[in-house]
Amino acid sequence: MTELTGATADGGAIRRQLDTDQEDPAARLVEVIADIDDVEPMELAPIYYRIDGLITGLFSSPSPLEANAHVTFSYEGYRIRVHQDGTTTVRELSA
């Protein structure tokens, strides 16, 4: 499993810091959700169809010094926001 740093909970939001240099950052997001739900990543739906190459592009171009971009999407009952520096916020969707 990937190393997730800076895990904090803040008003219902869980924040994690992804390593922006690791390969396949979308797979790292699946690991984050699996960790939150205490399940194996293979038990979750594939994330590829929801975000395709957006996360990889977010981390590779433009560099974090040139832009302040983020991607927000829903996955497995959560609203996920990933910032270009790797900061990730996960909130449970309201029922």
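The values are calculated or read from the model by the stated rules, or taken from the named source; none is laboratory data. A quick note: this is a predicted structure, and the numbers were derived from the prediction, not measured. A quick note on method: Cβ atoms are made from the backbone with ideal geometry, for glycine too, and the neighbour counts reach across all protein chains shown. All accessible areas refer to the heavy atoms of the entire protein, side chains included, with ligands and DNA or RNA removed. Shrake-Rupley method; radii C 1.70, N 1.55, O 1.52, S 1.80 Å.
Assorted remarks:
- Every residue from segment 46-73 that is within 12 Å of L29 (Cβ to Cβ) and either of a type in the set (G, A, S) or in a loop (DSSP other than H, G, I, E, B) (or both): P46, I47
- Any chance L54 is modelled with pLDDT under 90, farther than 13 Å from T88 by Cβ and touching a helix residue (DSSP H, G or I) at 6+ places or on another chain (Cβ under 9 Å): yes
- Counting the residues of segment 10-45 that are among the charged types (D, E, K, R), assigned to a helix (DSSP H, G or I) and touching a residue at least 24 places away in the same chain (Cβ under 8 Å) gives 4.
- Within the set R28, R79, the sole residue that is among the charged types (D, E, K, R), modelled with pLDDT of 85 or more and crowded, with 16+ Cβ neighbours inside 10 Å turns out to be R28.
- Assessment of segment 53-75 against the conditions (open to solvent by 100 Å² or more (accessible area, probe 1.4 Å) and among the aromatic types (F, W, Y)) yields no matching residue.
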